[in-house]
1. What accessible area, in Å² to the nearest ten, does a 1.4 Å probe give for S580?
2. At a Förster distance of 60 Å, what's the computed FRET efficiency of E122 paired with A553, Cβ-Cβ distance as r, to 0.05?
3. Once fully extended, how much extra length lies between V413 and L675, figured as 0.36 nm per residue of separation less the alpha-carbon to alpha-carbon distance?
4. Show M624, M85 ordered by accessible area, largest first, where the area counts protein heavy atoms only and the probe is 1.4 Å.
5. With the crude spin-label approximation of a point 7 Å out along Cα→Cβ, what separation in nm comes out for E303 versus Q252?
6. If I fit a long axis through the Cα atoms of helix 541-552 and take the longest principal axis of the Cα atoms of the chain, what angle between them do I get, 0 to 90°, rounded to 10?
7. Work out, in µm²/s and without decimals, the Stokes-Einstein translational diffusion coefficient of segment 640-738 at 25 °C, 0.890 mPa s, Rh from Kirkwood over C-alpha pairs.
8. Suppose every K and R has +1 on its Cβ and every D and E has -1 on its Cβ; what is the size of the dipole of segment 213-323 about the Cα centre, in Debye to the nearest 20?
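The values are calculated or read from the model by the stated rules, or taken from the named source; none is laboratory data. None of these values were measured; they are calculated from a predicted model. We place every Cβ from the backbone using ideal geometry, glycine too, and count neighbours over all the protein chains shown. Calculation scope for accessible area: heavy atoms of the full protein, side chains included, ligands and nucleic acids excluded. Shrake-Rupley method; radii C 1.70, N 1.55, O 1.52, S 1.80 Å.
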Amino acid sequence: MSTTLAKLAALIPPLVDRHGPLTEELLLAPGKFGLGLAPAKSTADAVARTVCGFCSTGCCLNVHLQDDEPVALTPASGYPVNLGMACPKGWEALTVLDAPDRAVTPLLRERGGVQRAVSWDEALQTFVARMKGIQAEHGPESIAFLSTGQIATEEMAFLGALAKFGMGMRHCDSNTRQCMATAATAYKESFGFDAPPYTYADFEQSDVIVLVGSNLCLAHPILWQRVMRNPYRPEIVVIDPRTTETAMAATQHLPLYPKSDLALLYGLARLLIERGWIDGKYIAAHTEGFDDFARFVEPYTLEAVAAETQLPAESIERLARTIHAGARVSFWWTMGVNQSHQAVRTAQAIINLALMTGNIGRPGTGANSVTGQCNAMGSRLFSNTTNLLGGHDFANPEHRAKVAGILDIDEAVIPQKLGRPYHLIVEGILRGEIRGLWIIGTNPAHSWINQSMLRDVLDRLDLLVVQDMYHSTETAQHADLVLPAAAWGEKDGTLINSERRVGVIRKVSRAPGEALTDFRIFQAIARYWGCGEMFRAWDSPEAVFRIMTRLSAGQPCDISGIESYEQLDAHGGIQWPYASDAGNQRQERGLFTDGRYYRPNGRAKFVCEAPRPLPEPTSAEFPMILLTGRGSASQWHTQTRTSKSAVLRKLYPAEIYVEINPADAQELGIRPDELIEVASQRGQLQARAFLTLAVRPGQLFLPMHYDATNRLTDAVFDPYSHQPAYKACAVRVVRTAT
Ligand code: SF4
């Protein structure tokens with residue numbers, strides 16, 4: 001055993017006897033209960049290619065290695081996603097691994113409330129004994145997990161299978177509910193499957209790009225670079241209440257009243273129908289429900305919609321003309337649509353526009369949802385939460401039989417219906433129905449809507465287990481048990497990006513201390529729980545990937561033609577579908593080129609419903625609307641990682657700030673940079689006033705990255721996707737200095 005390994009082995013508390021001594025073989029070998037300390041694989045020129053682990057763009061990064069240690073990072077030039085570019089987060093991806101608050105040993109809270117370091121054996125025995133104890137006392141449905149869109153697809157599949165088939169959990173969800181549940185729900189109903197139809201090349205091929213509720217420039221900077229490479233001088237239309245960085249660069253900006261987007265989209269549809277600016281042939285051949293939809297939008301006259309949206313009628317008309325004049329119109333949306341009280345219908349109103357104008361299935365077109373997290377798309381298909389593994393349906397007996405057959409498990413262990421979504425898990429804790437919660441790679445004590453309520457909920461649990469790379473997150477501070485996890489860069493696996501591209505992540509660095517990959521933690525829990533035999537074939541990430549490819553066979557997301565990580569590397573990632581008989585080697589492929597959708601009759605469906613009023617309108621006490629969103633390209637979500645980089649920290653304000661229109665500031669006597677109080681019915685915070693015309697009078701904007709922001713937001717959800725509506729609630733603002 002090498003000196004380094006000997007030192008590492010000495011640090012590791014003994015595991016229970018049944019696992020035997022920690023030999024070098026156990027430490028290094030994949031598929032055993034070791035620490036996975038095998039040196040990073042490096043190519044001959046000491047460069048490892050790995051997909052970035054922050055956002056859903058899925059850029060490929062070259063990690064330069066010396067003696068198997070990472071020494072530098074550069075964006076990969078030959079990869080079809082980022083074409084040699086990376087945003088600040090990508091450039092700093094290695095730096096954030098190195099932080100003093102990395103979780104390096106399991107931590108168990110003692111009776112006095114202090115978390116103390118314990119061995120993995122004690123941690124795992126505690127996990128199993130207490131979770132099983134809760135189930136014995138309160139029933140199998142009394143434990144749940146909340147996971148993430150940030151771990152590898154193989155880990156998501158392992159967690160989902162372990163929890164639902166091995167541990168008897170029913171209620172499992174992930175933070176992708178906060179991000180993409182709306183898009184997934186909308187696509188399923190409209191297209192018959194959760195199938196974003198585009199490829200990033202569409203950004204370069206459109207002559208009209210319509211961005212709804214998307215600050216692409218900050219949220220997806222590399223995709224914005226793809227827009228900038230478009231040689232057709234496209235019209236760029238931004239529909240957003242704020243004059244965002246993207247809106248500033250647009251050729252048309254429609255600063256509509258918050259959450260009047262659904263009315264605007266119906267008004268545009270009516271205008272296009274009225275003027276005959278629709279594709280009747282496409283509608284007749286490939287869709288259903290258009291006549292009902294056309295009748296439905298009749299009341300959405302230009303005048304009515306202009307009043308509702310507070311937009312000039314001319315700008316709505318101009319957009320309709322632009323859509324009509326475009327030969328290749330693409331519609332894109334992100335969180336401004338997804339995080340709303342009527343999110344699914346808004347997403348479907350965008351889909352309706354693409355369908356009725358025939359702007360789908362051709363290069364440069366589409367109704368395109370851009371995802372948030374690096375593996376939200378993996379979660380949507382393989383986490384076993386909202387779908388049965390591989391995009392299957394828990395309620396479908398054939399699907400259950402297929403999955404049981406491939407996994408060689410008893411079909412009876414597969415639930416016949418979905419568990420509770422995120423907010424109902426939270427509600428279940430409040431009611432005392434759920435008493436044990438396992439949180440993996442997410443930080444709800446910061447990110448969940450109406451934060452004070454959520455923190456109170458976490459403290460009501462009999463057992464809260466947090467599995468994370470840092471022990472310092474707001475959520476880990478509430479934990480009874482912390483399981484230290486390896487990070488991106490410290491493990492192998494695959495991610496699926498927004499355009500359905502499966503890409504490989506590589507282990508280029510060793511996890512600190514006793515931290516284990518999420519994969520190894522799930523494997524260990526399976527053994528301690530007593531269901532290790534069920535996962536005997538799940539002995540490495542690549543072995544699980546091969547299981548996933550078999551599970552996907554015959555599905556729209558079929559990846560059965562992908563045989564290995566090496567194949568993915570060689571192709572620059574591969575978009576689904578890629579069936580064994582596909583024979584389609586092109587690097588960038590859109591869907592629905594033949595006009596056939598995944599619904600039983602092969603047709604896409606027009607879906608519509610009357611808009612509903614804002615759940616929390618302004619009032620005399622709370623007269624302003626609060627908008628939330630991304631603050632900069634250098635911040636990622638709750639900043640647990642990006643705050644670790646000195647470079648990134650220089651690129652965004654350290655303190656929370658609130659954007660306020662100068663007219664409002666003048667009326668309230670607020671000076672630039674003054675500390676002001678913002679309050680909603682749920683709480684208040686103090687923030688520096690940033691006077692800017694980016695927000696309209698009567699509106700405020702807070703970046704989501706600061707932990708105080710969600711003290712204010714209102715726990716309201718879309719009724720179909722159950723996604724939280726972070727974007728608009730009523731607030732008041734007052735000066736704190738007198
Ligand atoms: S755009 Fe997203 S995937 Fe690309 S480097 Fe930045 S964070 Fe990583």
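1. Per-residue accessible area (S580): approximately 90 Å².
2. 0.90
3. Full extension from V413 to L675 adds 88.7 nm.
4. Result, largest first: M85, M624.
5. That separation, rounded to one decimal, is 2.3 nm.
6. For 541-552 against the chain, the angle is about 50 degrees.
7. The estimated diffusion coefficient comes to 167 µm²/s.
8. 480 debye
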